[in-house]
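Please read the structure below before turning to the comments.
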Amino acid sequence: MDILLATRNAHKVEEIRQIFAPLDFLTLIPADACPGLPEEVDENADTFEGNALIKARTLCAASGLWTLSDDSGLEVAALNGAPGIYSARYAGPGCTTADNNRKLLRELAEVSDRRAQFRCVIALCAPDGREWTVQGICPGTIARECHVGGGFGYDPLFIPDGYDRTFAELDPAEKNRISHRGRALQNAFAAWRDLFTQ
């Protein structure tokens with residue numbers, strides 16, 4: 001069964017492939033391997049679920065393939081859930097990951113409440129118009145400085161509950177097991193396994 005992944009982010013593609021590896025009957029096709037798809041999708045919803053569905057619907061319609069999309073971000077308690085859906089562009093248009101991390105550290109410089117969570121919503125759209133969503137949440141705290149390691153985005157700052165290291169410092173397999181995207185994909189397996197095997 002072919003499933004189009006509505007992303008050109010190599011990090012996300014690899015993470016999804018690792019988690020889906022046990023379902024070896026699925027062929028996961030990244031968006032950049034499918035010619036003729038829109039380069040950009042206007043993600044103008046005000047929720048992660050809305051944005052995930054917009055991407056999945058758009059690329060499903062363009063490709064005629066079952067399409068899986070996700071939208072995710074960081075929600076910080078002391079910032080009333082910010083950066084939320086604006087996580088990727090928190091420091092403004094054209095910002096880098098480092099810019100976003102610096103802004104977050106500035107915003108929390110005098111804040112003792114460091115609670116945060118990553119949220120991921122995964123949408124699946126079928127060519128016949130059916131669609132489903134699941135979500136995964138990983139609670140944790142924000143470190144007071146960046147910790148060098150792997151990962152991407154806010155990984156150098158996010159310490160998941162039960163750990164003393166950031167996502168960036170964890171082994172990729174361990175991170176995938178507990179991450180918001182990992183948990184959302186595990187929920188997707190449970191919810192959609194029958195669909196995948198039909």
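The values are calculated or read from the model by the stated rules, or taken from the named source; none is laboratory data. Small disclaimer: the values here were computed from a predicted structure and weren't measured. Methodologically, a virtual Cβ is constructed for each residue, glycine included, from the backbone with ideal geometry; neighbour enumeration extends over all protein chains shown.
Just a few scattered comments:
- Where strands (runs of 3 or more DSSP E) sit wholly within region 94-198, those with at least 1 residues that are β-branched (Val, Ile, Thr) and within 18 Å of Asp70 (Cβ to Cβ) occupy 115-125, 131-142.
- All positions within region 48-86 that are of a type in the set (S, T, N, Q) and either touching a Leu at 6+ places or on another chain (Cβ under 9 Å) or in a helix (DSSP H, G or I) (or both): Asn51, Thr58, Ser63, Thr67, Ser69
- Scan of region 3-21 for residues that are outside any helix (DSSP H, G or I), among the small types (Gly, Ala, Ser) and out of contact with any helix residue (DSSP H, G or I) (no Cβ under 7 Å at 6 or more places or on another chain), ordered by number: Ala21
- Qualifying residues in region 6-52 (those that are at pLDDT 95 or above and either under 13 Å from the mean Cα position of the chain (by Cα) or β-branched (Val, Ile, Thr) (or both)) - the one surrounded by the most Cβ atoms within 10 Å (Cβ to Cβ): Ala52
- Neighbours by Cβ (under 6 Å, 6+ apart or cross-chain): first from region 184-197, over 18 Å from Phe48 (Cα atoms); second surrounded by 15 or more Cβ atoms within 10 Å (Cβ to Cβ) and aliphatic (A, V, I, L, M): Ala191/Val134
- Residue match in region 46-65 (condition: free of Cβ contacts under 8 Å to residues at least 24 places away in the same chain and within 27 Å of Ala173 (Cα to Cα)): no
- Inter-residue pairs, beta-carbon under 9 Å, first on the phi < 0 side of the Ramachandran plot and in region 161-177, second of a type in the set (Gly, Ala, Ser) and not in a loop (DSSP other than H, G, I, E, B), 6+ apart: Asp161/Gly140; Tyr163/Gly140; Thr166/Gly140; Phe167/Gly140; Lys175/Ala168; Lys175/Gly182; Asn176/Gly182
- Complete set of residues in region 87-101 that are surrounded by 14 or more Cβ atoms within 10 Å (Cβ to Cβ) and free of Cβ contacts under 8 Å to residues at least 60 places away in the same chain: Tyr90, Ala91, Cys95, Thr97, Asp99, Asn100, Asn101
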